[in-house]
Amino acid sequence: MQRSGIIHKTPADLAVAPNLGDYAATCAAFSWDNARQALAGLPGGGLNIAYEAVERHAQGPCTIAPRSVSWATNRCAMSASANWRA
């Protein structure tokens, strides 16, 4: 089986702009202090990566839009399920 050559694309070839457009510039501008400030932190202090990845995105009202499920909707559904079992 013969493989085809490498396909090279430019940003103009993409339907959606990449999240990381310039890796070198992003690395040069990176600072741990700025990264820490972007984190929400736990209520009452501390840091938990699961909270940062899920819970802070779920803060807000529990709403259900047609064909759209938000982090908040999932959080509310899980809370209701947990309370029902208790």
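Throughout, read-outs are computed from the coordinates displayed, never taken from laboratory work. Values in this document were obtained by computation on a predicted structure and should not be read as measured data. All Cβ positions, even for glycine, are placed from backbone atoms using ideal geometry, and neighbour counts span all protein chains on display.
Things to note:
- Amide proton proximity set for Leu42, modelled H, under 5 Å, gap of 5+: Leu47, Asn48
- The order of the peptides 30-37, 48-55 by mean Cβ neighbours within 10 Å, most packed first, is 48-55, 30-37.
- Computed lengthening from Val16 to Ser4, 0.36 nm per intervening residue step minus Cα-Cα distance: 1.9 nm
- Residues Thr26, Thr10, sorted so that the one with the fewest Cβ neighbours within 10 Å comes first: Thr10, Thr26
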